[in-house]
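As structure tokens, the structure follows; a few thoughts come after it.
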Amino acid sequence: MQASNRISNILGGGSDGWDVFNRARAMIADGVAVTELTIGEHDIRTAAPILQDMHRAALSGHTGYASIPGTPALRDAIAARVTARTGVPTTRDNVMITPGGQSALYAAHFATLNPGDRALYIDPFYATYPGTLRGVSADPVAIPAHPEQAFQPNAADIAAQAAGAKTLLINSPNNPTGVVYSRATLDGIAQVCKDHDLWLISDEVYDTQVWEGAHISPRALPGMEGRTLVVGSMSKSHAMTGSRIGWVLGPVDMVDHLINLATHTTYGVPGFIQDAARFALDQGTAFEDDIAAPFRRRRAIAQKVLAGQNAVALVPAQGAMYLMLDVRSTGMSGEGFANALLDAEQIAVMPGESFGAAAAGHIRVAMTVEDTRFEQALRALCTFAERQT
Ligand code: PMP
């Protein structure tokens, strides 16, 4: 029996970019001490008070089917947070709760694209993006952001591909580059969306991890509220990756459609997890700053270590839990570098090529191990790079 073309095509044929990661995991299974700087998972667990609240909510009976769009209390808390952070008046009717940002990305594209529609996204990209677009039977079109422009997307490049497109997917703070889109970049993007009647899907799951500049939600830019769907998540901001809780935020009529989709797919998110998410949001920004603090510290460590060498170049590390390093001076591809580094130093990083052609010759370093070990690994990485030049 055959699977559908749609599901068979999710991976699109090529390498899925996880070879180095899989090799590192196999080495660890064989007892090798590998320093893993690969995936975006905090080195802390979900905070005990959040888990205690989850436990309390479950014991108090919130274990049946929960409200499908999300509990009014959680939707209100997210709406209030978005209103406060962006100045755009937002109510619970603009918010639908999803099982994580990943499912929000799928829902947002499912809601805006017909089969075969042109769907734009920026390269380098979060690894699942093309698969998500293929998964809704769209025609994914990557638009490169260039290292020479510090990976800020260029409005003219987007406009050149926009004819016939329906959506544009962006992500700031960015995974994998660590770049935060500037006001000028976002103004340019907003203009292209208005000129070409595009939906903008804005993945803002790293919005609490900004080290330089400010996070601007493009939904707040003039004329954008009616054409922007924002993807949010508790995974990164509250170290709740395993709880699978996020949201899509947008115009009320679109949220109504999304609720129909949820009714026929996920049927909502567990009530006790929603209650714990509400509790977590109520802890305020100081709590979120504490979750982000280790990455802020390690970024400073990296800037210090990298200042003392010339073999690798740091892409402006403005946000998110990653560093992007340009290793082209070694003459190696990102993939070649990552594989050789794993063999020589037992340090696992992601090849830039895993995130698109625009990140070729780069590696992504997740700042997800404890400070001393992180510093040692970076020093070893630099010494390794120097040996290759
Ligand atoms: N968007 C980006 C850019 C991400 O890096 C991730 C997770 N790594 C997600 C969305 C999805 O996160 P989650 O489903 O855990 O909310």
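Annotations
- Scanning segment 111-131 for residues that are within 11 Å of the ligand (Cβ to nearest atom) and either open to solvent by 40 Å² or more (accessible area, probe 1.4 Å) or on the phi > 0 side of the Ramachandran plot (or both) yields Tyr126, Thr128.
- Qualifying residue in segment 209-216 (condition: modelled with pLDDT of 95 or more, within 16 Å of Met96 (Cα to Cα) and either more than 16 Å from the ligand (Cβ to nearest atom) or β-branched (Val, Ile, Thr) (or both)): no
- Whether a residue is assigned by TED's automatic domain parsing to the domain that holds Val252 and either over 22 Å from Thr167 (Cβ atoms) or basic (Lys, Arg) (or both) was assessed, and Gly101 does not pass this test.
- Pair list, Cβ under 6 Å, 6 or more apart: segment 186-202 residue in contact (Cβ under 8 Å) with a residue 60 or more places away in the chain and assigned by TED's automatic domain parsing to the domain that holds Val255, other residue open to solvent by 20 Å² or more (accessible area, probe 1.4 Å) and of a type outside the set (Asp, Glu): Trp199/Arg227
- Qualifying residue in segment 354-363 (condition: over 18 Å from Ile122 (Cβ atoms) and in a helix (DSSP H, G or I)): no
- Flag for Ala66 being more than 30 Å from Gly164 (Cβ to Cβ) and under 24 Å from the mean Cα position of the chain (by Cα): no
- Helices (runs of 4 or more DSSP H) (entirely within segment 1-110) containing at least 1 residues that are away from the ligand (no atom under 16 Å from the Cβ) and of a type in the set (Ser, Thr, Tyr): 5-8, 72-86
- Of the listed requirements (1) buried (at least 22 other Cβ atoms within 10 Å of the Cβ); (2) closer than 30 Å to Asp282 by Cβ; (3) within 18 Å of the chain's Cα centre (by Cα), Gln102 misses just one: (1).
- Note on segment 132-153: among residues that are touching a Gly at 6+ places or on another chain (Cβ under 8 Å) and open to solvent by 40 Å² or more (accessible area, probe 1.4 Å), the one that is farthest from Gly250 (Cα to Cα) is Pro144.
- Screening the candidates Gly178, Gly232, Gly188 for the property of being touching a Pro at 6+ places or on another chain (Cβ under 9 Å), within 13 Å of the ligand (Cβ to nearest atom) and modelled with pLDDT of 95 or more yields one hit, Gly178.
The values are calculated or read from the model by the stated rules, or taken from the named source; none is laboratory data. These numbers were taken from a predicted model, which means no experiment stands behind them. Every residue, glycine as well, gets a Cβ built from its backbone with ideal geometry; the counts of neighbours run over all protein chains shown. Just so you know, the surface numbers come from the protein's heavy atoms only, side chains and all, with ligands and any DNA or RNA stripped out. Shrake-Rupley method; radii C 1.70, N 1.55, O 1.52, S 1.80 Å.
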